[in-house]
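Structure, as structure tokens:
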Amino acid sequence: MDGELFPRERAVIAPGAVHVPDWLGAERQGELLAACRAWARPPAGLRTVRTPGGGVMTARQVCLGLHWFPYGYARTAVDGDGAPVKPMPGWLAELGREAVAAAYGGPGGTADLPDPAAAYDIALINFYGGDSRMGMHRDAEEKSAAPVVSLSLGDTCVFRFGNTTSRGRPYRDVELHSGDLFVFGGASRLAYHGVPKVLPGTGPRALGLTGRLNITLRVGGLG
């Protein structure tokens, strides 16, 4: 969103879950958007995800490092064009580690930083149009307990962060703007979360993105 009357402050949403507003500056947002556009092209590009029950996710997705499908990982786009997944860039893995250090380095943070040997090796990139949603779910297919890193580009969304036992209350709604960072690990690593709403037209005009991109970085621990 262009312009804020009052600066938004870093907030601990739950134990191990931290929101850092405006973590990515305008230049870095533009660089990340350009990279996402390249990754979204075939082969193993942006696809529509279908659930085993026959449902269709309204957010479209492309993966790096390993390909996520409901509910597992593969080295090829098994529910897409079948091509090998694009590699996880080293600079993006390092960005994940920088993000965790930034989120957990302040008040209410945690000392549970990832093991130096645990590299961020998976990225899930979701594109949300104005009508896209994401139901409450857990990121539970990884073996590593390293924190999940979430970066936002484009339109603001309502991000619903819940509890570890059910998709219902208690939960807390947080607005994620372009450039925002959200990290969840520790006691909140397996918390349910989702996106009930995207706010069309709220992204920074200079970025040149219609819709929202969410870049989620994970440590798979899958060998």
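Considering only segment 1-14, I want to know if a residue exists there that is more than 16 Å from the chain's Cα centre (by Cα), open to solvent by 30 Å² or more (accessible area, probe 1.4 Å), within 22 Å of VAL149 (Cβ to Cβ) and of a type in the set (Val, Ile, Thr). Yes, segment 1-14 contains a residue that is more than 16 Å from the chain's Cα centre (by Cα), open to solvent by 30 Å² or more (accessible area, probe 1.4 Å), within 22 Å of VAL149 (Cβ to Cβ) and of a type in the set (Val, Ile, Thr).
When segment 175-187 is filtered for residues that are open to solvent by less than 10 Å² (accessible area, probe 1.4 Å) and outside any loop (DSSP other than H, G, I, E, B), the ones remaining, listed by number, are LEU176, LEU181, PHE182, VAL183, PHE184. The residues in segment 187-223 that are on the phi > 0 side of the Ramachandran plot and either touching a Pro at 6+ places or on another chain (Cβ under 6 Å) or modelled with pLDDT under 95 (or both) can be counted, and the count is 2. Checking each residue in segment 12-56 for being closer than 23 Å to ARG172 by Cβ, in a loop (DSSP other than H, G, I, E, B) and among the aliphatic types (A, V, I, L, M) picks out only LEU24. Would you check which residues across segment 198-215 are surrounded by 17 or more Cβ atoms within 10 Å (Cβ to Cβ) and not in a loop (DSSP other than H, G, I, E, B) and list them? Listed by number, the residues that qualify are VAL198, LEU207, ARG212, LEU213, ASN214, ILE215.
Residues that are over 19 Å from TRP68 (Cα atoms), among the charged types (D, E, K, R), in a strand (DSSP E or B) and open to solvent by 40 Å² or more (accessible area, probe 1.4 Å) occur in segment 157-172; there is at least one.
Within the option set ALA123, ALA119, ALA99, ALA140, being modelled with pLDDT of 95 or more and in contact with a helix residue (DSSP H, G or I) (Cβ under 7 Å, 6 or more places away or on another chain) holds for one residue only, ALA123. Here segment 1-57 is the region considered, the condition is being in contact with a strand residue (DSSP E or B) (Cβ under 6 Å, 6 or more places away or on another chain) and among the basic types (Lys, Arg), and the residue that is modelled with the lowest pLDDT is ARG50.
The values are calculated or read from the model by the stated rules, or taken from the named source; none is laboratory data. A quick note: this is a predicted structure, and the numbers were derived from the prediction, not measured. Reconstructed Cβ throughout: ideal geometry from the backbone, glycine too, with neighbour counts over all protein chains shown. These area figures cover heavy atoms from the full protein model, side chains too; ligands, DNA and RNA do not enter into them. Shrake-Rupley method; radii C 1.70, N 1.55, O 1.52, S 1.80 Å.
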